[in-house]
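A.B. asks: Got a structure for you, questions after.
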Amino acid sequence: MKLAIVLGTRPEIIKMSPVIRACEKHGVDFFVLHTGQHYDYALDGKMFDDLELARPKYNLGVGGKPYAQQIGLTLRRMDSVFKAEGVTAIIVQGDTNSVLAGALAGNKLGITVVHHEAGLRSHDLSMPEEVNRILTDHISDVLFVPTKTALQNLKLEGVSGKKISLTGNTVVDAVMQNAKLAKKKSRILSKLKLKPKKYVLVTSHRAENVDSPVKLKGILDGLDAVGKKLKLPVIFPIHPRTKNNLKKFSLKVPSSIKLIAPQGYLDFLQLEASTKLIITDSGGLQEEASILKVPCVTIRENTERPETTKAGMNVLVGTDPKKILKGAELMLKKKIRWSKPFGDGRAGETIVRLMVEKLT
Ligand code: UDP
């Protein structure tokens, strides 16, 4: 097996890191290909530095182009790399344009396509991520699902059970491998003058939220209400897309909300581990909140991580300010019974073992 590990964005770097580590440990013949979808140092290079990963052998440098150009350019550039390297298998993780382009390139070249974090469904086709997930799952040869719900989703869509393995999600491995290091190395709380459990942590970057001035304003008003009611600062590491749109829509950020730059993985883990509450529209944060036992309020109408809401560790509130405040109060009041829907932290090892078994 000659394996290409394809990644392109911040969450893919984080969630692929346990797979890279396991490939190194087991002497797999692999290389990492970065599409360059995320290129800002804070979202890209800083992740490699914090996770102590070597820089990828290839960076296609596609950047933040519109959909058709991004996918088209990635496909073209990947095609020549895969041919030159004699790749026999590729692994992609998640639901980005890099994932879909990687799966398509592999499929067209007759290369075995492996999808990690397969089977997630929000059942909302207006989300670009949902379309990427469905298309990728249906052209993949090997599907690693994180949960039983994801397995069921694929079976309901007619994907053969022979292609699917339940592995857990490497997000748990990444948190377990780095939480202690974050605690030891990170100075972020003192740098921001924060005390544990005395602030609220927020992220928001989903297109359906931040590309709408009405929804983005609703989120800001909701966060302001939460900050005022709890008398706590709201810490918001701002994604470049959200930052651009705040400016584009001339939205004023209330003084209860402290915008900070996107954080490195270790500082961010430390912020997550010590916060009273997480408010987010991120997929990864809904998972990490459950792993770190932090109550989560999700500012979306649906989620492809229903395991968290069903277990009562997360609540969906949309972008209405009143509902955001109500959700925050509810999550802080209720007694949460924490569970571990995303596995035991050995997904990276399992994935690499299964790839070696199935593909060599
Ligand atoms: N993250 C980070 N720094 C930040 C915000 C998030 O390192 O300032 C990490 C976070 O721990 C999680 C991942 O980025 O592992 C989530 O990425 P994002 O929200 O961009 O993508 P999604 O999970 O929604 O696909």
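Throughout, read-outs are computed from the coordinates displayed, never taken from laboratory work. Please read these numbers as outputs of a predicted model, since none were measured by experiment. Neighbour counts are summed over all protein chains in view; Cβ atoms, including those assigned to glycine, are modelled from backbone coordinates with ideal geometry.
A.B. asks: Set Lys and Arg Cβ to +1 and Asp and Glu Cβ to -1, take the dipole of the chain about its Cα centre, and tell me which of Gly327, Ala207, Ile238 lies farthest positive.
C.D. replies: Projecting each Cα onto the dipole axis, the largest value belongs to Gly327.
A.B. asks: Please rank Phe144, Phe249, fewest neighbouring Cβ atoms within 10 Å first, as an exposure proxy. Let's see the in-between values first.
C.D. replies: Details: Phe144 28, Phe249 14.
Ascending Cβ contact count within 10 Å gives the list Phe249, Phe144.
A.B. asks: Near Lys184, which lysines are there with a Cα under 24 Å away, not counting those fewer than 8 places off in the same chain?
C.D. replies: Lys15, Lys46, Lys193, Lys195, Lys197, Lys198, Lys276, Lys293
A.B. asks: On a C-alpha basis, how far is the centre of segment 136-156 from the centre of segment 202-234 in Å? Whole number, if you could?
C.D. replies: 33 Å
A.B. asks: Something else now. Restricted to Cα positions, what overall size does the chain have along the principal axes? Three whole-Å values, descending.
C.D. replies: 58, 41, 41
A.B. asks: Could I ask something else about it? Tilt of helix 10-25 relative to the longest C-alpha principal axis of the chain, in degrees (0 to 90, nearest 10)?
C.D. replies: 50 degrees
A.B. asks: Turning to a different aspect of this structure: Fully extended, how many nm does the chain gain between Lys83 and Lys310 (0.36 nm per residue separation, minus their Cα-Cα distance)? Please report the intermediate quantities before stating the final value.
C.D. replies: Numbers: separation 227, 0.36 × 227 = 81.72 nm, distance 4.48 nm.
Gain in length upon complete extension: 77.2 nm.
A.B. asks: Follow-up question, since we're still on this one. In what sequence, highest mean first, do 51-57, 297-303 appear when ranked by Cβ atoms within 10 angstrom? Present the calculation step by step, with values, prior to reporting the outcome.
C.D. replies: Working: 51-57: 14.7, 297-303: 21.3.
In decreasing order of mean packing, 51-57, 297-303 become 297-303, 51-57.
A.B. asks: Which of the residue pairs Lys65/Lys180; Lys228/Lys334; Lys215/Lys247 have a Cα-Cα distance greater than 26 Å in the structure shown? Kindly include the intermediate steps, with their values, before the conclusion.
C.D. replies: Numbers: Lys65/Lys180 37 Å; Lys228/Lys334 20 Å; Lys215/Lys247 15 Å.
From the list (Lys65/Lys180; Lys228/Lys334; Lys215/Lys247), the Cα-Cα distance tops 26 Å for Lys65/Lys180.
A.B. asks: For segment 86-129, what is the convex hull volume of the alpha-carbon atoms per residue, in Å³? Could you put the intermediate results ahead of the total?
C.D. replies: On the way: hull volume 3.1 nm³, N = 44.
It is 70 Å³ per residue.
A.B. asks: How high is the relative contact order of segment 1-68, given as a whole-number percent (alpha carbon pairs under 8 Å, six or more residues apart)?
C.D. replies: Worked out over segment 1-68, it gives 37 percent.
A.B. asks: Normalised by the number of residues in segment 123-169, what is the relative contact order in percent for Cα pairs under 8 Å and 6+ residues apart? Show your work: numbers first, answer last.
C.D. replies: Numbers: 34 pairs, mean separation 18.1, N = 47.
Rounded, it is 38 percent for segment 123-169.
A.B. asks: Also: So what is the relative contact order of the chain, in percent, for Cα pairs below 8 Å that sit 6 or more residues apart? Walk me through the intermediate numbers first.
C.D. replies: On the way: 697 pairs, mean separation 61.9, N = 360.
The value is 17 percent.
A.B. asks: How large is the charge dipole for the chain, taken about the Cα centre, if only the Cβ atoms of Lys, Arg (+1) and Asp, Glu (-1) carry charge, to the nearest 20 debye? Before the final figure, lay out the partial values.
C.D. replies: Working: 57 positive and 36 negative charges, 333 e Å.
Charge dipole, the chain, about its Cα centre: 1600 debye, nearest 20.
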